[in-house]
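Beneath this line is the structure, given in structure tokens, with notes to follow.
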Amino acid sequence: MAKGIDKGPDKNNSDWKSTACILCTLNCGVKVQLNAEGTEIVRTKGDENHPASQGYLCNKASRLNFYQNRDDRLLSPMKRNAEGGYDAIDWDTAIAEIASKLSGIRDELGGDKIFYYGGGGQGNHLPGAYSGTTQSTLGVKYRSNALAQEKTGEFWVADRMLGGYNHADFEHAQVVIFLGKNPWQSHGLHRARAEIREMSKDPNRTLIVIDPKRTETADLADIHLPVKMGRDAWLLAGMVATIVQENLQDDQWIADHTNGVGAVMGVFDKVDIADCARKSGIDEAIIRSTARTIALADSVAVLEDLGTQMNRHSTLVSYLQRLTWLLTGNFAKPGTAYTSNGLGNVGSGKERGKSPVLGGRIIAGIIPANIIPDEVLADHPNRYRAMIIESANPVHSLPDSSKWRKAMRALQCSVVIDIAMTESARQADYVLPATTQYEKAEATFFNFEFPENYFHVRAPLFVRPEGVLDEAEIHARLAIALGAIPEGIEEELNAALAEGGREGFRNLVFTKLRENPALGKVAPALLYRTLGRTLPEGMQNAAALWAVCHQHVIANRISVEAAGVAGEDMALGDNLFDAILAGPSAVIMSKEDWPDVWQRTPGGRVNFDLPEMLEAAAQLNSENPQETTAEFPFLLSAGERRDFTANTILRNPAWRRKDKEGALYINPDDAARLNLGDGSNARITTARGAVDVVVAINDRMQRGHISIPNGLGLDYPDEQGNMKTTGAAPNELTSTDLADKYFGTPWHKSVPVRVEAIG
Ligand SMILES: Nc1nc2c(c(=O)[nH]1)N[C@H]1C(S)=C(S)[C@@H](COP(=O)(O)OP(=O)(O)OC[C@H]3O[C@@H](n4cnc5c(=O)[nH]c(N)nc54)[C@H](O)[C@@H]3O)O[C@H]1N2
Ligand SMILES: Nc1nc2c(c(=O)[nH]1)N[C@H]1C(S)=C(S)[C@@H](COP(=O)(O)OP(=O)(O)OC[C@H]3O[C@@H](n4cnc5c(=O)[nH]c(N)nc54)[C@H](O)[C@@H]3O)O[C@H]1N2
Ligand code: SF4
Ligand SMILES: [Mo]
């Protein structure tokens, strides 16, 4: 069974297959060798031909065989029985029963009572595309995914200021700032460890890390600002106020390129920097000198992540950090921030509507993930009655696992589509087994590069086992059972493909859609069953991308052509689709120039004036930071990224080479005070729950700040087949109440807790 790999080079085997790592958003290009039976990955190396990762891999990619080969693989549909156990059932029964229950709820109560969660993880976004068929057939109106518990605040701010989610050109930036982000462990930019080392060595570049912990990234920084936990808003407001009060802003650039700066000046003219220093724990002189460093730099690139996004003032911090580089003219030129035009458009921050029970604001079409269980458990006519969860594990990953378990059991029907019997699956009425990401063509829409942007469709590495289906096939079967696919249409489309090739197919699809726009609802699954069958061996699951490519070229023809893809009118969409399918590695699908970024900004300019944020900033000096209490004297970062964590993608604890139990990190002084030795056991308690952990004394931690890793507390069969849990599940401790007031993102990085030694 799955063991570690890294067997070293094999001179007799020159058959390297091209794929990607699925353990974080970067999806680095990987080349792998399989064993003789073709069932295991036995060797891994970086793919030099991958234009973004360029051969780079981190320590985790060599453990991918633990994803593919596992003792907890689901190989049959499962149905929950009266005792809370699960019985295997056949696919026809599963599809028929699920279709009948969900359509019953739709007909009786409305499709808006059926909730959809997930759609993909770090390496797979095609389930979400195919689920469109099931969602629209059932009239699903409300959905969410993991982005709604981290990025929606940032998306909203970036959309209003810049017209879209921005990333930055770290490679060429003179000043790089990592805010609540530890890329040494979590990446987030390509070739992170190599890039950080290069920045650190270059005397002409300044690396700034803002993090209460002295992280591995902070070790290499020129300036480390060890802000007090959860108090970044004061630090950043102090920096913005320094820029404004010392007149460091770029007036010419602001006049040429922006709107609404007056409102910003009005607020930050009055901000008391000394008060910001006191509250954030960073000296006023250092706040001022850091602001000057930003203002004097030729180029500045900032990356914010969970340390502030899952923390107090999360949305406000996303705004304040942008003010530091936008007031100083660091946008849309090399070494600064940009918006890009990837396929799939992840990160659109458009706000539309409210959730049906608690009125949570809907950003990018997803409701605040935090409020889902309350919108199930509420005594309210609009509460959700059914849920489909796909390629996600919210019972483990979202705040308050115990509330989630209760919510799932309160539903009239729940369906989980996964490859393993996860914590979420174990609360569902039906569990449907999917192919793994290496048994079908897969891709993600995490394409944020610029000026050249890439897309990578991976071919499968393995033959799928009996009993599992691609999500596309699952959704097609559900659509058929729900009577959503008109008689004869599949045959007609297949005939068009056989006789008229791609052009005939395209013409028929667009004619049919004009005649009957409702057909668009079932298009993804239909594409899978028609076009998909004509694609090269193993690539059927890529069919949905055909529609995505056509949509993309309508808005982005020039940048696609500049990338070297040609084609008259509608043929360009087909040719883009064929080009990305043909690439064994990522393919350049967009080429732009820096000035093109301005086309995406609101009215061709940066917008400074976000009244809700300015109002919050103006309050900061009169607001007091939250203090810890005698009952809960520590602030816990619940879910830190470490060397061997990868959300819940790898469940077998053997994949972890270090920190096997996922230890609690605690400062030596705190540990001494609590009588905690290295390797001793401790209990962490919050208002919501308690977990037991192993202690590792760690002088990187500030006093009063402790952390446990993300992705532990999963169970997995041991040698005897008994389920055994390793480490602590962070969300047994967290609550849905501690959250951003605008968009409901949870504040997991400063959870008030108590720590005690246990025997
Ligand atoms: N190894 C590994 N890499 C991953 C993942 C993984 O599971 N494992 N997951 C991926 C995913 S889904 C994501 S979203 C990213 C997340 O990537 P990161 O956001 O980098 O990950 P975290 O370790 O959760 O948090 C980053 C830092 O926030 C700091 N922090 C805590 N409190 C505060 C505070 O009050 N202020 C500031 N400024 N900082 C604070 C922590 O000390 C920590 O160093 O990682 C991705 N990469
Ligand atoms: N307390 C706390 N909680 C956190 C975090 C934290 O820092 N602290 N981090 C949060 C963050 S940033 C994120 S992104 C979330 C991530 O949490 P989730 O959104 O739950 O994502 P994953 O853990 O990646 O789970 C993905 C699921 O997809 C399944 N899967 C894998 N491949 C396939 C496939 O091909 N098909 C199907 N159908 N299923 C598949 C896996 O088995 C797994 O169950 O966790 C969040 N939770
Ligand atoms: S940075 Fe590491 S975990 Fe992320 S995709 Fe690359 S190899 Fe995988
Ligand atoms: Mo994430």
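Since every read-out is calculated from the coordinates, none of them should be taken as a lab result. Values in this document were obtained by computation on a predicted structure and should not be read as measured data. Cβ sites come from the backbone with ideal geometry, for glycine too, and all protein chains shown count toward neighbours.
Observations, loosely collected:
- Neighbour counts of C-beta atoms inside 10 Å place Asp418, Asp87 in the sequence Asp87, Asp418, starting with the fewest.
- Computed 3J(HN,Hα) for segment 432-445, one whole-Hz value per residue from the Karplus formula 6.51 cos²θ - 1.76 cosθ + 1.60 where θ = phi - 60°, is 10, x, 9, 5, 6, 5, 9, 10, 8, 5, 9, 6, 10, 9, glycine and proline marked x.
- Dipole check for segment 152-342: with +1 at the C-beta of Lys and Arg, -1 at the C-beta of Asp and Glu, and the Cα centre as origin, the magnitude is about 460 Debye.
- Each of Trp234, Trp747 was scored by other Cβ atoms within 10 Å of its Cβ. Listed from fewest to most, they are Trp747, Trp234.
- Under-5 Å amide H pairs with Asn124, H placed in peptide plane, nonlocal only: none
- Each Lys and Arg contributes +1 and each Asp and Glu -1, all at the Cβ; summed about the Cα centre of segment 455-600, the dipole is approximately 300 debye.
- Three-way shape label, segment 626-758, alpha-carbon gyration tensor, a/c 1.5: oblate
- In this label model, Lys741 and Thr685 are separated by 3.1 nm, measuring between points 7 Å along each Cα→Cβ vector.
- Here the gap between Arg557 and Gln626, fully extended at 0.36 nm per residue and compared with their Cα-Cα distance, gives a gain of 19.8 nm.
- Value of relative contact order over the chain, rounded to a whole percent, pairs C-alpha under 8 Å and six or more apart: 17 percent
- For the pair Arg197 and Ile489, the difference between a 0.36 nm per residue extended length and the Cα-Cα distance amounts to 99.4 nm.
- With both labels modelled 7 Å from their Cα along Cα-to-Cβ, the Leu75 to Glu37 distance reads 1.1 nm.
- Averaging Cα coordinates gives a centre for segment 549-567 and one for segment 90-141; these two points are 32 Å apart.
- Using just its DSSP H runs of length 4 or more, each adding -39500 (n - 2.57), the chain gives a mean residue ellipticity at 222 nm of -9500 deg cm²/dmol after division by all residues.
- Above-threshold pairs, the threshold being 19 Å between Cα atoms, out of Lys141/Lys521; Lys31/Lys658; Lys45/Lys591; Lys141/Lys440; Lys60/Lys201; Lys31/Lys60: Lys31/Lys658; Lys45/Lys591; Lys141/Lys440; Lys60/Lys201
- Segment 17-68, dipole about Cα centre (Lys/Arg Cβ +1, Asp/Glu Cβ -1), debye to the nearest 20: 100 debye
- Nearby lysines by direct alpha-carbon distance to Lys279 (threshold 26 angstrom, same-chain neighbours under 8 apart not counted): Lys151, Lys181, Lys213, Lys228, Lys270, Lys741, Lys749
- C-alpha center-to-center spacing [segment 50-87, segment 728-759] in angstrom: 27 Å
- Listed residue (Gln149, Ser414, Met723) projecting farthest to the positive dipole end of the chain, Cβ model: Met723
- Sorted peptide list for 294-301, 54-61, 460-467, 69-76, criterion being average Cβ within 10 angstrom, highest first: 294-301, 54-61, 69-76, 460-467
- Ascending count of other beta-carbon atoms within 10 Å, so fewest first, for Asp159, Asp670, Asp15: Asp15, Asp670, Asp159
- Peptide packing: for 707-714, 225-232, 643-650, the average count of neighbouring Cβ atoms within 10 Å per residue gives the ranking 707-714, 225-232, 643-650, highest mean first.
- Segment 518-534 and segment 260-304 have Cα centres separated by 52 Å.
- Inter-site label distance for Gln54 and Gln599 at 7 Å from Cα along Cβ, in nm: 2.7 nm
- Cα gyration tensor shape of segment 609-697, rounded if a/c is under 1.5, else prolate or oblate by comparing a/b with b/c: oblate
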